[in-house]
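Undergrad: Quick one: structure below, then a few questions.
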2 protein chains.
Amino acid sequence: MAANGSGGMHDALLDSSLASDDDLLSNWYIYETMEPAVPQDDMFPAVIPDCEPTVSPRMYHICMAPISLAVLLGLSLLVKRRRLHQSCWNGVPGLLSPANFLEEEGNQGLVAAVFGILFSSLCVLVLDRDPLPFISHSSQSTREYWKIMALLYYPAFYYPLIACATVRHRLSYLVGCLLSWCHCVVHIWQRVDCPQSPKIYRYYSTLSYIPIILCLVLLSLWYPALLVRSFTVQEETLDKEVTGRGYYKKYLKAVLSKRPRKGSSTKIEESLLSRIQTYLCSYIYTPEEGFRIPLKLVVSITMAVIAVYQVALLLLVAFVPTIQIVRAGMTKDVVVLLVQFGLVPSDNPAVPGDMEKELNIVKHYLWSLEVCYICSLVLCCLLTCAMLLRTLVMHRNNLKALYQGAVLDVFYKAHILRPSRQAIVCWMSFAGFQTAFACLGLLIQQVIFFFCSVVFAFLVVIPLQYSTSSPFFTIVQNMWPFWLTLVVAVIVQHLAAHYQFLEQHPLRKELTNRRALYIVTYLLFPINVLVGVLAGVWRMVISGLYNAIHFCQLDISLLNRGVETFDPGYHTYCHYLKIEVSQSHPVMKAFCLLLLQPARPERPAAPQPSHVEEGIQLMQPERTPLSRARVKRSRARWGLAYTLLNNPSLTACRKTALSDPTANGTQLSPPKP
Amino acid sequence: MAANGSGGMHDALLDSSLASDDDLLSNWYIYETMEPAVPQDDMFPAVIPDCEPTVSPRMYHICMAPISLAVLLGLSLLVKRRRLHQSCWNGVPGLLSPANFLEEEGNQGLVAAVFGILFSSLCVLVLDRDPLPFISHSSQSTREYWKIMALLYYPAFYYPLIACATVRHRLSYLVGCLLSWCHCVVHIWQRVDCPQSPKIYRYYSTLSYIPIILCLVLLSLWYPALLVRSFTVQEETLDKEVTGRGYYKKYLKAVLSKRPRKGSSTKIEESLLSRIQTYLCSYIYTPEEGFRIPLKLVVSITMAVIAVYQVALLLLVAFVPTIQIVRAGMTKDVVVLLVQFGLVPSDNPAVPGDMEKELNIVKHYLWSLEVCYICSLVLCCLLTCAMLLRTLVMHRNNLKALYQGAVLDVFYKAHILRPSRQAIVCWMSFAGFQTAFACLGLLIQQVIFFFCSVVFAFLVVIPLQYSTSSPFFTIVQNMWPFWLTLVVAVIVQHLAAHYQFLEQHPLRKELTNRRALYIVTYLLFPINVLVGVLAGVWRMVISGLYNAIHFCQLDISLLNRGVETFDPGYHTYCHYLKIEVSQSHPVMKAFCLLLLQPARPERPAAPQPSHVEEGIQLMQPERTPLSRARVKRSRARWGLAYTLLNNPSLTACRKTALSDPTANGTQLSPPKP
């Protein structure tokens, strides 16, 4: 019987599809034939012609590449000339430094902008047919090689834009001005000339160039500002600002003037509302006086935001125009097919006649898909940006903790904060990893959220709209006694545990009624297995969701605490922190700057012994009264132990620890009396 | 052109499917029509008739349920009579305890066997049409209610089997013997009567009953052994063994006689091979003298193993016979369809004539699917069992650490080990959760591994066999320069970091050549983004695989360290440990037993101060020489601090900590001199 019924449907399907085959094909391939068949929708008009801008990319690069090279050489010579009288040919720079990542300088925005241009160029070239602008119409086999060349060409091409700022000379600022204006004008001109292109979606090219143009605009404002500033502000103040001396002093001041924290007594009084408020605030990054995020982090977060934009744009233009075309091109013949496959509810599925209502239903389905897609994309972007903000807060907390030597507040196991091969490689690739993880995280989230929203829409919302049955409602209807049993069992266990099995002493709770406890445990075992299945599903869902949402965060390991460094992201982050903290500790920098000031040997303010900062609160032997040797020694030992207990990271730097390769600097034994 | 080509293929497809429609259907629905169409394969012979065993389940339950009830009542009266002369009607038990989970007793195997019977019955009833054996041919609407009833009925039905052992009387052992023999004989008889059943797969029913029969066999050997033992062994020895006094003393002896561990100097000398050996050994559970896994854990691991068997059996019989039927029923008409969809390579796809070769290819494909399925299932079972063994090792390590008060070795944050409502509920449901997680973990692993093995087989192995192209080879062929670039870039960064950017001091490595480092960082940024994409994919894969493989382990949280208790499995485990450690600490039990021995007040051996165990090494004030008050006080303080430092969990029990609700017992400040 089943076979007959199915066969009948099969026949009808074949008949109808045979009859309407030609119509179907002509409608289905509407986009391939490029005819303006549905003129009421302006999403797919006539063919977009290949547009050739006045200043072609090829011309632009052929002109600008030599200019960039010349600027680079000129600036090198300029730096050489300036340093020659200090040490003749010794330590003379060969190439200019792009940015002093480990030293605090003022031009964080400028560096981030150049990196932004670089990354956006990378996004464009990955999808481009001609990755290297000199070579047009490259063949499939050679394109791979050109792409690899382009990966190295673009950083070199934009090198002068970033290097002009580090030279710190009026001439370099002027060159930077001219270069950035030139780049900016060419890019804007190209976009105005050719706003549309046939690649993926007509406006995709223009939209994907927006970050480049914005970054170039920023540069062409930043360099003039630097130039003007170099003329107006005094030399010394400028130097102080530019080399970050001001920041280090500010940091030191903020640390030393820190008021003692409010005691733990206030913590108890916090209400639930204020705790939720505090929790939410921990997701929002607000700048703090006396602390500045390191340059590398600023660059990586900016790159991640641009990556989110580029990926979201690509996801949007790859799906939405396509599904709009499919929706507009939907005909009754396709609807008949869908009805006969049982995908669309219909009153009389056997008669493929008047299908107006079903056609509308199918269009509504496609529209729902589109809505789900856009909603989930928006949600993903918001979540990723929130997580990036959150990651900034985490970075700051971790850095501050490590500056104070609280290694175990950040890492699960003790680490020695010193450079190593691994650490340097991780530091170099940190920004790239952060960018890539933001891209991938957005993709993963989009897949998950789109799937979930489609399931929700087609199992709950649409059946409610059309008052049809859905598997979800069937399950709820048939299995409600089962769910109720599970809920009741869990509640009963909680109530029994509270009122029967727990003796409420004022000081200490104790287990009581053990026999009843054993009996309940035994009798409820089968039900607890089923509760466990639900808990397992929840475990799966929550771990999947958590990992997907936090994928873009490098400061969180997606693995369990024991094996967390097997996560490549977290591993990179840990090593990055090692370099950052060991090489650009603000207090160390401030101390070095003070040492380098021979003229006015001003001493730092007396440190507060209650709020110790690594490297500041050391022993002060002049305060010790000269009494018996034992007292002295015991006090010294005590002081040493106290200092080490408060600054565990210092242990690694002690003489014994350095000569003993097994010591890892954390196993502090208390001072023996 | 594309449309025409596609249309032509479409037409051919429709013609052929129209022509062979009847043949196709008759072959396709071969299993539904139940005809012995393909007699050469013995997987699907004639219809399996509904088999009615001599002792029907209904009869069995109608007879055994009243007997069980009577036994239960009789045993209760027996216990009552025995205790009457001690305290008349006071504290007389109403119901028998199924098993003293928190006290160490000898009958771990017996309890596990009864739980095994219970769980296997649950597995059978979930899929059964008549969950409650009294009611046959229940309707769809009432079946849910009967299932819920059955969830409570089965534990009660098998109650006497477990309770007979806890009464500890010869008569109860005798009753247990008779009952278990009776159950065992009936079950074996039923299986011998009806080895085949039409449900899912002919032998499924028999295979799924194997655990029940094995458990019943174990019981019918265990009870006679207990009975014989009660006649032969002396009363006192028996009591000592049964109440676990022997174990507690053994544990204490093992703790106190512990030799000092080998120092850390041996650790350095360990070679890589021995470290790998140690790591592998940490996955294999070997019993340790003086330590026994608690009963609840034994039960839960046994249940998990049975769950793995039941789920694997269900997965096997649901897929393999079906695909074997499809393979045997595969005809040339279906092959033509597949060839025309492009799923099967063919020399002349237009002519649907001689398809012998293609038919063999399709059969080979299906056979490959079957092989992949079985291989991945075997792998899953092995992995899950390995993880369950590993979890036993972890349980032991955690319990030992907590017995010694090393809370922070086990938990990330400090916990107070005392019972609470939450803890009791988690303790009750622990075994159920472990069982359910093992089921779900196996399912998830099977999905992942089956998918991976199918992808590997169809993208790599089968194209190699038939020398056809596959997307995998195309990607490798086209993109090898790209992969090579990434590898070279990573190697170059490592080499540069090692030889250029790291100054090799003997004591301390330092960063050098900073400018070159910045330049390399800037120039390699685009390549590092692409390396980051690969790292991100690896992050996704490794976190997914890790979570899938460790899904059955409750001692591991699948979430990040900061939020690990949001994982329901790990949350349950943490609370379970609290109850287990606080209520059945072996040293505490041994101490209590010593206190309860008024006749021979034997004292425990003097504790070794170097290897402290919580509750043993306390202060010994009689050793303090009576000197000045200050010295005394300082020594006392020092001793207290030292003790607390070594036993942090004791802090929670101090008077001040108990009266102060904010203290969490871990913030130990060093003793002030």
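The values are calculated or read from the model by the stated rules, or taken from the named source; none is laboratory data. Please read all numbers here as calculations on a predicted model, not as lab measurements. Ideal geometry is used to build each Cβ from the backbone, glycine not excepted, and the neighbour counts take in all protein chains shown. Side chains included, ligands, DNA and RNA excluded: accessible areas come from the protein's heavy atoms. Shrake-Rupley method; radii C 1.70, N 1.55, O 1.52, S 1.80 Å.
Undergrad: Within segment B:541-559, work out how many residues are in a helix (DSSP H, G or I) and either of a type in the set (S, T, N, Q) or within 7 Å of another protein chain (Cβ to nearest Cβ) (or both).
TA: Residues meeting the conditions: 4.
Undergrad: So which residues in segment B:577-597 are under 30 Å from the mean Cα position of the chain (by Cα) and in contact (Cβ under 8 Å) with a residue 40 or more places away in the chain?
TA: Those that are under 30 Å from the mean Cα position of the chain (by Cα) and in contact (Cβ under 8 Å) with a residue 40 or more places away in the chain: B:577, B:578, B:579, B:580, B:581, B:582, B:583, B:584, B:585, B:586, B:587, B:589.
Undergrad: So residue B:485 clears everything in (1) open to solvent by less than 50 Å² (accessible area, probe 1.4 Å); (2) more than 7 Å from chain A (Cβ to nearest Cβ); (3) touching a residue at least 40 places away in the same chain (Cβ under 8 Å) except one condition, right? Which one?
TA: (2)
Undergrad: Test residue B:597 against the stated conditions and say whether it is more than 13 Å from chain A (Cβ to nearest Cβ), open to solvent by 10 Å² or more (accessible area, probe 1.4 Å), modelled with pLDDT of 50 or more and assigned to a loop (DSSP other than H, G, I, E, B).
TA: Yes, satisfied.
Undergrad: When segment A:405-450 is examined, which residues are found to be more than 16 Å from residue A:580 (Cα to Cα), more than 10 Å from chain B (Cβ to nearest Cβ) and open to solvent by less than 20 Å² (accessible area, probe 1.4 Å)?
TA: The answer is A:442, A:445, A:446.
Undergrad: Could you please give the count of residues in segment A:512-547 that are buried (at least 22 other Cβ atoms within 10 Å of the Cβ) and within 30 Å of residue A:436 (Cβ to Cβ)?
TA: 3
Undergrad: Taking residue A:126 as meeting all but one of (1) of a type outside the set (Ser, Thr, Tyr); (2) open to solvent by less than 10 Å² (accessible area, probe 1.4 Å); (3) more than 30 Å from residue A:593 (Cα to Cα), write down the number of the exception.
TA: The single condition residue A:126 does not satisfy is (2).
Undergrad: Mind telling me which of the residues B:435, B:474, B:468 ends up being of a type in the set (S, T, N, Q), modelled with pLDDT of 95 or more and either more than 17 Å from residue B:569 (Cα to Cα) or out of contact with any strand residue (DSSP E or B) (no Cβ under 6 Å at 6 or more places or on another chain) (or both)?
TA: B:435
Undergrad: Exactly one of (1) surrounded by 20 or more Cβ atoms within 10 Å (Cβ to Cβ); (2) within 30 Å of residue A:387 (Cα to Cα) is unmet by residue A:564. Its number?
TA: (1)
Undergrad: Now for a separate question. For residue A:457, all conditions in the list (1) modelled with pLDDT of 90 or more; (2) open to solvent by 40 Å² or more (accessible area, probe 1.4 Å); (3) more than 14 Å from chain B (Cβ to nearest Cβ) hold save one; what is the number of the exception?
TA: Only one criterion in (1) modelled with pLDDT of 90 or more; (2) open to solvent by 40 Å² or more (accessible area, probe 1.4 Å); (3) more than 14 Å from chain B (Cβ to nearest Cβ) is unmet by residue A:457, namely (2).
Undergrad: Show the residue pairs meeting these rules: Cβ distance below 7 Å; 6+ apart or different chains; first residue within segment A:343-363 and surrounded by 18 or more Cβ atoms within 10 Å (Cβ to Cβ); second residue at pLDDT below 75 and part of a helix (DSSP H, G or I).
TA: Filtered contacts from segment A:343-363: A:352/A:16.
Undergrad: Can we say residue A:206 is polar (S, T, N, Q) and over 30 Å from residue A:589 (Cβ atoms)?
TA: yes
Undergrad: Out of segment A:405-429, which residues are closer than 30 Å to residue B:526 by Cα and either free of Cβ contacts under 8 Å to residues at least 24 places away in the same chain or assigned to a helix (DSSP H, G or I) (or both)?
TA: Answer for segment A:405-429, where residues must be closer than 30 Å to residue B:526 by Cα and either free of Cβ contacts under 8 Å to residues at least 24 places away in the same chain or assigned to a helix (DSSP H, G or I) (or both): A:410, A:421, A:422, A:423, A:424, A:425, A:426, A:427, A:428, A:429.
Undergrad: Hey, among A:510, A:503, which residue is facing chain B (nearest Cβ under 7 Å), modelled with pLDDT under 90 and not in a helix (DSSP H, G or I)?
TA: A:510
Undergrad: Which is under 23 Å from residue B:161 (Cβ atoms), assigned to a helix (DSSP H, G or I) and open to solvent by 60 Å² or more (accessible area, probe 1.4 Å), of B:186, B:217, B:192?
TA: B:192
Undergrad: Report yes if residue B:498 is over 43 Å from the mean Cα position of the chain (by Cα), surrounded by fewer than 16 Cβ atoms within 10 Å (Cβ to Cβ) and not aliphatic (A, V, I, L, M), otherwise no.
TA: The answer is yes for residue B:498.
Undergrad: Please go through segment A:103-147 and pick out each residue that is facing chain B (nearest Cβ under 10 Å) and closer than 30 Å to residue A:581 by Cβ.
TA: A:103, A:111, A:114, A:115, A:118, A:119, A:122
Undergrad: Separate question: Tell me whether segment A:375-390 contains one or more residues that are more than 14 Å from the chain's Cα centre (by Cα), farther than 27 Å from residue A:430 by Cα and among the small types (Gly, Ala, Ser).
TA: yes
Undergrad: On to the next question. Given the conditions (1) open to solvent by 70 Å² or more (accessible area, probe 1.4 Å); (2) closer than 30 Å to residue A:345 by Cα, report the number of the one that residue A:492 does not fulfil.
TA: The failed condition is (2).
Undergrad: Here is a further query. Take the conditions in contact (Cβ under 8 Å) with a residue 12 or more places away in the chain, open to solvent by less than 10 Å² (accessible area, probe 1.4 Å) and more than 14 Å from every other protein chain (Cβ to nearest Cβ) and apply them to residue B:402. Does it pass?
TA: Judged against the criteria, residue B:402 is a match.
Undergrad: From the list B:378, B:298, B:311, B:371, which one is surrounded by fewer than 20 Cβ atoms within 10 Å (Cβ to Cβ) and not assigned by TED's automatic domain parsing to the domain that holds residue B:458?
TA: B:298
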